[in-house]
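A.B. asks: The structure's right below; bear with me while I get my questions together.
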Amino acid sequence: MTTTPAGPAGPETPAGPAIPESRKRRRFDPLDLVSLGILAAGLLCWALGVLPTADALDNLTRVAPLVLFLGTVMVMVAIVQASQLFDLAAAALARLGRGSHAALFACCYALATATTVFLNLDTTIVLLTPVMLALAAATRAPALALAMTTVWLANTASLLLPVSNLTNLLAADRIGLDPLGFASRMWAPQLAVLAATALCLWFGFWRRRHRERDRYLVPASLPAVADKRLLWTAAAVTAGFVVAVVADVPIQIVSSCAAGLLLVHCVRRRRDLLTWELIPWRLLVLTAGLFLVIPAVMRHGGADAVAALIGTGTGDGAVLRAGFTGAGLSNLVNNLPAYTAVEAVVPPGDATMLLGLLIGTNVGPLVLPWGSMATLLWFDLVSGRRPGIAESQRLRVPSGRFIASGAILAATGTFVGLAALLWL
């Protein structure tokens, strides 16, 4: 889509971060092709009757709020990034660390943990990933370390409260736990998983061998703002987004309102930001495809396979099997359909087994990009595919390293979390 200039009677368009032309001609990458292939497979299952129409429509209706959230929140992030709000936040965070990588790690770790626990994992990805990218560009701190801190903690810090993760809400509702009761069961697993995450982050990405210099560059001042009106509008919308999430307004409604307000501002003053790339089609296509393919698989042998993996026993062994089955299945098909698939075969009334499954589906999906929607959001952001993100902030994530390090944390974190649950 070609950018549209403001009309003659409209306000003058302020100068701001430009969107490179090269990004408008980007070719399909492997994840694009995977997304399209999964959607095609899902539609084929529907067309051939492998997935009945009633079930297909039921699953698409169920996933509609998630698709709405994914589409609108990425529009919001792109415009907020163009406002330089994330650049300012990154500079402030860099000055807080005073050049020490250890201090910066502690600040980023605490911030990502707090936003995940008290808001939710998607908010952590949406608000902190652009900050980390801007922080790396401004300070020459290790970009991959900063980015991995966000995506890992968005998943592994999401165990403590029901609000932290959609799967938590599903589990808490089934076993009848209020937020305090839920936290009383999950505080020990959460602490154990956070400890494992800290160790894996430090030794895998943050220690001296992974960075160019002993101290990062501390910005002497905050960056100059090109469009102050856009900045203040974005700041107000972002603050409202956080307040509404805390107030437990449905997140798809929050993101839709936030995106709508920012789009209205852009129509009036920054039409140069309105491009087709605002629409995160890959996320939407993959999400819809997964919710057609997975139910079809479950109808034709998948449910029996999951039941065989879980087994018919009870006790500690059953909890461990549920947790690791959830972790493995999450990496194959995404953690939300994985949770619902395994939940269906967990014996009614076995709260510990269900919480073990929850640990697996929250902590385990760190190996493959589609393991969780938070990870998919993160990949879309760090790849630089979103308009408003500077070319200098794009990050190439080595797939082998991402998979290997994610597998180590997924296995370690799931195990220590399950051990803490059983100990408690």
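A.B. asks: Restricting the search to segment 212-259, which residues are outside any helix (DSSP H, G or I) and among the hydrophobic types (A, V, I, L, M, F, W, C)?
C.D. replies: Leu217, Val218, Ala220, Leu222, Ala224, Val225, Ala226, Ala247, Val249
A.B. asks: If a residue has to be aliphatic (A, V, I, L, M) and under 20 Å from Trp281 (Cβ atoms) to count, how many in segment 39-54 make the cut?
C.D. replies: Count: 5.
A.B. asks: Okay, next question. Name the pairs whose Cβ atoms lie under 8 Å apart, with the first residue in segment 355-383 and touching a residue at least 24 places away in the same chain (Cβ under 8 Å) and under 20 Å from Pro189 (Cα atoms), the second surrounded by 24 or more Cβ atoms within 10 Å (Cβ to Cβ) and among the aromatic types (Phe, Trp, Tyr), and 6 or more positions between them or separate chains?
C.D. replies: Leu357/Tyr339; Leu358/Tyr339; Thr361/Tyr339; Leu366/Trp152
A.B. asks: What is the residue count in segment 114-145 for residues that are modelled with pLDDT of 85 or more, within 12 Å of the chain's Cα centre (by Cα) and over 21 Å from Leu88 (Cβ atoms)?
C.D. replies: Final tally of qualifying residues: 2.
A.B. asks: Take segment 260-280 and flag every residue that is part of a helix (DSSP H, G or I), at pLDDT 80 or above and either more than 23 Å from the chain's Cα centre (by Cα) or among the hydrophobic types (A, V, I, L, M, F, W, C) (or both). I'd like the intermediate steps shown before the answer.
C.D. replies: From segment 260-280, those part of a helix (DSSP H, G or I) are 260-269, 271-273, 276-278; that's our starting set.
Subsequent filtering for residues that are at pLDDT 80 or above retains 260-269, 271-273.
Listed by number, the residues that qualify are Leu261, Leu262, Leu263, Val264, His265, Cys266, Val267, Arg268, Arg269, Arg271, Asp272, Leu273.
A.B. asks: Given the options Asn362, Asn334, name the one that is at positive phi and crowded, with 24+ Cβ neighbours inside 10 Å.
C.D. replies: Numbers: Asn362 fails: at positive phi.
Answer to the check: Asn334.
A.B. asks: Could you check Ala239 against (1) surrounded by fewer than 14 Cβ atoms within 10 Å (Cβ to Cβ); (2) in contact (Cβ under 8 Å) with a residue 40 or more places away in the chain; (3) over 18 Å from the mean Cα position of the chain (by Cα) and say which number it fails?
C.D. replies: Of the numbered conditions (1) surrounded by fewer than 14 Cβ atoms within 10 Å (Cβ to Cβ); (2) in contact (Cβ under 8 Å) with a residue 40 or more places away in the chain; (3) over 18 Å from the mean Cα position of the chain (by Cα), the odd one out for Ala239 is (2).
A.B. asks: Can you name every residue in segment 61-79 that is crowded, with 17+ Cβ neighbours inside 10 Å and more than 17 Å from Asp122 (Cα to Cα)?
C.D. replies: Ile79
A.B. asks: So if I check each of Leu161, Leu121, which one is under 28 Å from Gly349 (Cα atoms) and without any contact (Cβ under 8 Å) to a residue 60 or more places away in the chain?
C.D. replies: Just one listed residue meets the conditions, Leu161.
A.B. asks: Which condition does Val293 not pass, out of (1) buried (at least 20 other Cβ atoms within 10 Å of the Cβ); (2) in contact with a Leu (Cβ under 6 Å, 6 or more places away or on another chain); (3) not polar (S, T, N, Q), if it passes all the others?
C.D. replies: For Val293, the exception is condition (2).
A.B. asks: Here's something else I'd like to know. Of all residues in segment 87-128, which are over 24 Å from Leu191 (Cα atoms) and surrounded by fewer than 17 Cβ atoms within 10 Å (Cβ to Cβ)?
C.D. replies: Residues satisfying the conditions are Ala92, Arg95, Leu96, Arg98, Gly99, Ser100.
The values are calculated or read from the model by the stated rules, or taken from the named source; none is laboratory data. The structure presented is a predicted model; accordingly, all values stated were derived computationally and were not measured. Here Cβ is always computed from backbone atoms with ideal geometry, including for glycine, and neighbour counts include all displayed protein chains.
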